[in-house]
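Below is one structure, written out as structure tokens, with a few remarks after it.
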Amino acid sequence: MTQRRNRLSPLLVILILAVTVASQSCGSDTNNNPTPVPSPQQPGASTVIVQIQSGASGKTTDAFGTYPLTIQRGQTVQWVNQDNISHTVTSTSGAKSFDSGVLPPGGQYSHQFNDAGTFDYACQIHPNMVGQIVVQ
Ligand SMILES: [Cu+2]
């Protein structure tokens, strides 16, 4: 009787181990797949600086430098107000996808463009100041 028990117990131990290992690997699978958190910037994406020109309130397509400005999807445009009065960077095409609000002299505003397309914008204080971003 004792001999039979001794022969059976190693098999029982192996079975218990197998079940334990299987349940552990199931648990670690869910732990290895956390909900992806959207990163503020895609890997390798860069920032393109746009300088709001001095005397921009009297300018049109040259108020924001290069017109149109062509960038790649995922890149961020950073506007820097180099003028001595306030301006805004406000999208005018389609749904207003970006709006800096009032940018005082030296003020900065950044927006990341994740979708391809042509995006027009203007200064709300001086609507003659227009810019265009082409995202490829
Ligand atoms: Cu302005």
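Every number here is computed from the coordinates shown, using simple stated rules; none is lab data. All figures in this text were calculated on a predicted structure; none of them were measured in a lab. Positions of Cβ are backbone-derived with ideal geometry, glycine not excepted, and every protein chain shown enters the neighbour counts.
Please work out which residue is farthest from the chain's Cα centre (by Cα), limiting yourself to segment 66-81 and to residues that are surrounded by fewer than 17 Cβ atoms within 10 Å (Cβ to Cβ) and without any contact (Cβ under 8 Å) to a residue 40 or more places away in the chain. Even if it seems obvious, please write down each step before you answer.
Taking segment 66-81 and keeping what is surrounded by fewer than 17 Cβ atoms within 10 Å (Cβ to Cβ), we get 66-70, 72-74, 78, 80.
With without any contact (Cβ under 8 Å) to a residue 40 or more places away in the chain added as a condition, the list becomes 66, 78, 80.
Numbers: THR66: 23, GLN78: 13, VAL80: 19 Å.
Here the residue is THR66.
Scan segment 108-123 residue by residue and report those that are under 17 Å from THR61 (Cβ atoms) and either out of contact with any Gly (no Cβ under 9 Å at 6 or more places or on another chain) or assigned to a strand (DSSP E or B) (or both). Even if it seems obvious, please write down each step before you answer.
Going residue by residue through segment 108-123, those that are under 17 Å from THR61 (Cβ atoms) are 118-123.
Within segment 108-123, THR118, PHE119, ASP120, TYR121, ALA122 qualify.
Considering segment 108-120 alone, what residues qualify as being within 16 Å of the ligand (Cβ to nearest atom) and more than 16 Å from VAL48 (Cα to Cα)?
Looking only at segment 108-120, we keep the residues that are within 16 Å of the ligand (Cβ to nearest atom), and these are 108-109, 120.
Scanning segment 108-120 gives a single hit, ASP120.
Quick one: is GLY58 loosely packed, with under 15 Cβ neighbours inside 10 Å and farther than 19 Å from ASN114 by Cβ?
Working: loosely packed, with under 15 Cβ neighbours inside 10 Å: yes; farther than 19 Å from ASN114 by Cβ: yes.
Yes: the conditions hold for GLY58.
Of everything in segment 89-107, what is within 16 Å of the ligand (Cβ to nearest atom), not in a strand (DSSP E or B) and not hydroxyl-bearing (Ser, Thr, Tyr)? Give them in sequence order.
First, the residues of segment 89-107 that are within 16 Å of the ligand (Cβ to nearest atom): 89-92, 98-107.
Narrowing further to those that are not in a strand (DSSP E or B): 89, 92, 98, 100-102, 104-107.
Answer for segment 89-107, where residues must be within 16 Å of the ligand (Cβ to nearest atom), not in a strand (DSSP E or B) and not hydroxyl-bearing (Ser, Thr, Tyr): VAL89, PHE98, GLY101, VAL102, PRO104, PRO105, GLY106, GLY107.
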